[in-house]
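Chemist: What follows is a structure written as structure tokens; I'll ask about it next.
The values are calculated or read from the model by the stated rules, or taken from the named source; none is laboratory data. Please read these numbers as outputs of a predicted model, since none were measured by experiment. Glycine gets a Cβ as well: all are built from the backbone with ideal geometry, and neighbour counts include every protein chain shown. Heavy atoms of the whole protein, side chains included, go into the accessibility calculation; ligands, DNA and RNA do not. Shrake-Rupley method; radii C 1.70, N 1.55, O 1.52, S 1.80 Å.
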Amino acid sequence: MWTTRRRTLGLAALPLGLAALSRPGLAQGGDRPIRLIVPAPPGGPTDILARVTGEKAAATLGQPVVVDNRAGGGGVIGAEATHRAAPDGLTIMIGHNQTHASNQAMMARLPFHVVDGFTPVAKLGTVHHATVVPANSRARSMAELQAMGRNGGRVSYASSQAGSASHVIAETFVRRSGMDATHVPYRGAAPAATDTVAGVVDFYVSTFPTVANLIRDGRLRALSVGAPRRLAAFPDIPTTAEAGVPYMAVDAWFGVFGPAGMPPATTERLAAAFIGALSDEAVQRRLAAAGFTLDPLPPAAFAAFQRNETVRWAEMVQLTGVRLND
């Protein structure tokens, strides 16, 4: 078991480690690698953000940054591994609105507090959600999708995992539309998108980076996107407001967290490296192409933002009734 996992992580993390080791100044940060936990499988937006920013941050820090994918448990497996780590800056994670906000309201037996159990390091960016259907779906609008699940019809919808933003937003849509729908949770955004392409499910409310290329290639049809205006790269996709479902305009946010009790100097050093990575033009291009909006916040501002988000997501969870491990 240990050998298999070690081999998988080593191959996944190799580009980041080599990128850092090839730069001068490694000794300034010591030769111990920083483990960057991703609470999701490879291929989704959390993983994309980790690898793109981690590579640049490694060069700045003078230390290898090793991506460690710890999927499962609604993000709890990866978050708990971070929570239990020594607060020395050598174990951090990319967290998001589920791992560090909505899980607090959805899970009665969460093994940590999403605010008190972590040190917010830096908010990095947000992504919009798109409602997508298979390319051969008979639904060509949100209204037609609603009709499929009404009057004796039944539909199924994917989510990146139970309790994720994609689950909560889709369930809000189902309840407010009066649809009869079955939720099909997956272990990550990429496999949920793959099964939507294959027609295993009828629709999927996905973070845009996950499905952008599938929409561009015609393998998925986007019915709406939760953005304030149409996306320049996808001008044919109506906004949720234009599609008649403005309540679905909910962004997913992502940021770096460490265990509770990290020294301020360590926190500031990590924040400077990851926020600094966002100023690199190549990083900006790669993340923009993946659908990210970069809106960084330093530690104190990120901490205040996270506290507010726990309140907002608790209200959404109460509305939908989504619960995990009750």
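Chemist: With the other protein chains left in place, how much accessible area per residue, in square angstrom, belongs to the chain at a 1.4 angstrom probe?
Modeler: Result: 42 Å² per residue.
Chemist: Right, something else. Can you show me the helix-derived [θ] at 222 nm for the chain, built from DSSP H runs with n ≥ 4 at -39,500 (n - 2.57) apiece and divided by the number of residues, rounded to the nearest 500.
Modeler: Details: 11 runs with 132 residues, N = 326.
Rounded to the nearest 500, the figure is -12500 deg cm²/dmol.
Chemist: Leaving out ligands, DNA and RNA, what percent of the accessible area of the chain is carbon and sulfur, probe 1.4 Å?
Modeler: The nonpolar share, carbon plus sulfur, comes to 54 percent.
Chemist: Which of the peptides 31-44, 282-295, 200-213 is most tightly packed, and how do the rest follow, going by the mean number of other Cβ atoms within 10 Å of each residue?
Modeler: The packing order, highest mean first, is 200-213, 31-44, 282-295.
Chemist: Give me the percent relative contact order of the chain, please, defined on Cα pairs under 8 angstrom at least 6 residues apart.
Modeler: 26
Chemist: Same structure again: Can you report the principal axis dimensions of the chain using only the alpha carbons, biggest first, rounded to whole angstrom?
Modeler: 66, 41, 41
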